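Reading through the structure tokens given below for one structure.
The values are calculated or read from the model by the stated rules, or taken from the named source; none is laboratory data. Keep in mind the model is a prediction, meaning the values are calculated, not measured. Backbone-built Cβ (ideal geometry, glycine too); neighbour counts: all protein chains shown. For accessibility, only protein heavy atoms count, side chains too; no ligands or nucleic acids. Shrake-Rupley method; radii C 1.70, N 1.55, O 1.52, S 1.80 Å.
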Amino acid sequence: MNISQKMAAEFIGTLWLVLGGCGSAVLAANFPDIGIGLLGASFAFGLTVLTMAFAIGHISGCHLNPAVSFGLWAGGRFPAKELLPYIIAQVTGAIAGAGILFIIASGNTDFSLADGFASNGFAEHSPGGYTMTSALVTEIVMTLFFLLIILGATDDRAPKGFAPIAIGLGLTLIHLISIPVTNTSVNPARSTGPAVFVGDWALSQLWLFWVAPIAGAIIAGFIYKFFNSKAR
């Protein structure tokens, strides 16, 4: 696959992640009487990755996330020269997904961006009122384990064909743990898409949701590389 094909796959995949994951939170989480709640939103994010891993994993690797690209690079599984093209595709895909969601959600007269639009935040913008320190630690640690799952599940020695399931369920578990803290990012592109539309506080807090996931992912990459280093 050439880089244009890979970028197109990453664009579409990340669009689906934001539309499906954030869409479940904005449109369905609190729907009267049959809202899907935290559990449903968590599964929605996991299912977007699981479905796209089967759909485009053989084209681009289905990163859908700048942190994943950095983590795979740190683990020796992704070339540095493709980092920027992948990140551009992921961020633009996330913004496009958030744009489609905005158009859909705006069809309801009760919709307001003031409700957060599934943006990530800390302190007064944390769903549970958690501090910046809590958010920082959560995003670093959750992304670290997400990358360990990805690196392990896609290892040549791992059982074949099950990686999307492990990765999708891993992301579901991460959301079940951390939605109350940050609304769960572990993905700078996912955070950027809604923040562009909300502006204001969402953009001012966006730095944490780039720095923490990428830091956690790079640490995970180095850890996995250590696991695979030969004893001297």
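Per residue, how large is the accessible surface of the range 1-73? Use a 1.4 angstrom probe and give square angstrom.
44
If you roll a 1.4 angstrom probe over the protein chains with everything in place, what fraction of the accessible area of the range 126-219 belongs to carbon and sulfur, to the nearest %?
Of the solvent-accessible surface of the range 126-219, carbon and sulfur hold 74 percent.
For the chain, what relative contact order do you get, as a whole percent, if you take Cα pairs closer than 8 Å and at least 6 residues apart?
RCO, the chain: 31 percent.
Which lysines have a Cα lying under 23 Å from the Cα of residue 225, excluding residues fewer than 8 positions away in the same chain?
Here the lysines satisfying the reach criterion relative to residue 225 are 81, 160.
Determine ³J(HN,Hα), in whole Hz, for all residues of the range 203-210 in sequence, where each value follows from phi through the Karplus function 6.51 cos²θ - 1.76 cosθ + 1.60 and θ = phi - 60°; x replaces Gly and Pro.
Whole-Hz 3J(HN,Hα) from phi for the range 203-210: 6, 5, 9, 4, 3, 4, 8, 9.
Where does helix 163-182 land angle-wise versus the long Cα axis of the chain, in degrees 0 to 90, nearest 10?
40
For the range 76-232, report the accessible area per residue in Å² (1.4 Å probe, heavy atoms, rounded to an integer).
On a per-residue basis, the range 76-232 sits at 47 Å².
Hull surface divided by four, with the convex hull built on the Cα atoms of the range 84-198: how many nm²?
8.5
If one takes the longest principal axis of the Cα atoms in the chain, at what angle in degrees, from 0 to 90 and to the nearest 10, does the Cα axis of helix 37-60 lie?
Computed tilt is about 40 degrees.
Keeping all protein chains in position, work out how much accessible area residue 192 exposes to a 1.4 Å probe, and write it in Å² to the nearest 10.
In the full protein context, residue 192 sits at about 10 Å².
Which aspartates and glutamates have a Cα lying under 18 Å from the Cα of residue 6, excluding residues fewer than 8 positions away in the same chain?
Within the straight-line cut-off, residue 6 pairs with 82.
For the chain, modelled as a Gaussian network with Cα springs under 10 Å, which listed residue fluctuates most, 220, 94, 114?
Top of the fluctuation ranking is 114.
Angle, helix 132-153 long axis vs. longest principal axis of the chain, Cα atoms, 0 to 90°, nearest 10?
50
Just to compare against my own numbers: the Cα pair-distance distribution for the range 1-94, 5 Å bins, whole % per bin, please.
Over the range 1-94, the share of Cα pairs per 5 Å bin runs 3, 15, 22, 22, 15, 10, 7, 4, 2, 1 percent.
Starting from the Cα of residue 83, step 7 Å toward the Cβ, then list every residue of the range 200-215 with an amide N under 14 Å from that point.
211, 214-215
Subtract the Cα-Cα distance of residue 109 and residue 225 from 0.36 nm times their separation in residues, and report this length gain in nm to one decimal.
36.6 nm
P(r) for the chain: what percent of alpha-carbon pairs falls in each 5 Å bin, starting at zero?
1, 8, 15, 20, 22, 16, 10, 5, 2, 1, 0, 0, 0, 0
Where is the GNM fluctuation largest for the chain (alpha-carbon springs, 10 angstrom cutoff): 128, 99, 75?
128
Could you please put 222, 146 in sequence from largest to smallest accessible area, using a 1.4 Å probe?
Result of the area sort, largest leading: 222, 146.
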